[in-house]
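For reference, the structure discussed in these notes is given below.
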Amino acid sequence: MLKCFTPLLLVGLLFSGCSYRYYAEDIKPMSEAEQGANKTVADDGTVSYRQARLEISVRPMTDEELNRQFSAYSNEGANSRNPYTFGNSTYFRTGDTPQRFTVFRMYVSNYEYPKVYLDPKKVYITTSNGRKYYALRREQLSIYYRRYVGGGIGGIDPGTPGNARYVWQERDGILQRTMFPDEEVFSAQTSEGYLVFKPLAPDVDELTVHIPDVVVRFDYKGDPLEDVDVEMHFEREVGRVYPDGRKVATGQ
């Protein structure tokens, strides 16, 4: 009986030894030399584009930072009311924290033009391996949470009484206050907020954030007269983690 079981045991050990899971480090900016003209990279990971006294800055946010930012809403595991993360929940076997979204903070400071307008809905990400991600609108995120609040029961109506409706409203309220607003930035004003994307695929190691059609001049009717396209480049280490704890980055 033992002899018959041994080959199966060896096969099981063989497959177990070859198993792995993917990992991805935090997103970081590429060097200033790789960013292009009129861009700087700060120590905190912010990439800034400057045109005279107009500044547009983008910084990748980690889940840890977002959990600290919304600490009162991030300590309930998978039921966290933090709309940007899964809070302090972890995978049972690995202890890793699942990622709910990819989030960037965008900041605009306008001390150059009468008004500036950039549409957050037009912002998108392209990757070195051909993937593309569009910024999610607050309405999309609101529907997402309206559907999945309450343990995954789909189609929960916002009029539903009780705790489910309260949690949905809290998350939606945070999104409304903190996502980058879709509005003009007038002279001597600043604007800031979060851009939200779906989680990046595990094979994405280089990405570009595109901010197209930033309108800096308008005609007498208020129609766009001059605009600029802004691109910012980021990267991260990705690879595989094996059962013995070894990390092997892609390409090694």
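No value in this document is a laboratory result; all are computed from the given coordinates. Please read all numbers here as calculations on a predicted model, not as lab measurements. Quick reminder, even Gly has a Cβ in these numbers, built from the backbone with ideal geometry, and neighbours come from all protein chains shown.
A crude spin-label estimate for the pair E76 and T62, with each label 7 Å from Cα along the Cβ direction, gives 2.6 nm. Each 5 Å bin, from zero up to the one with the longest distance, holds this percent of the alpha carbon pairs of region 20-249: 1, 6, 12, 16, 17, 16, 13, 9, 6, 3, 1, 0, 0, 0.
Rounded to the nearest 20, the size of the Cβ-charge dipole of region 20-249 about its Cα centre is 840 debye, with Lys and Arg at +1 and Asp and Glu at -1.
In plain terms, the chain from Y111 to R21 could stretch by 27.6 nm, reckoned as 0.36 nm per residue minus the Cα-Cα distance. Using 0.36 nm per residue and subtracting the Cα-Cα separation, the extra length available between Q99 and E206 on full extension is 36.7 nm. Note on Y134/D182: beta-carbon distance plugged into 1/(1 + (r/R0)^6) with R0 of 22 Å gives a FRET efficiency of 0.95. With a Förster radius of 22 Å applied to the beta-carbon distance between I143 and R236, the computed FRET efficiency rounds to 0.15. Cross-link pairs exceeding 25 Å in C-alpha to C-alpha distance, out of K122/K247; K132/K221; K115/K221; K28/K132; K121/K247; K122/K198, comprise K122/K247; K132/K221; K121/K247.
Charged neighbours of S128, selected by a Cβ distance under 14 Å, balance to -4 (K, R count +1; D, E count -1).
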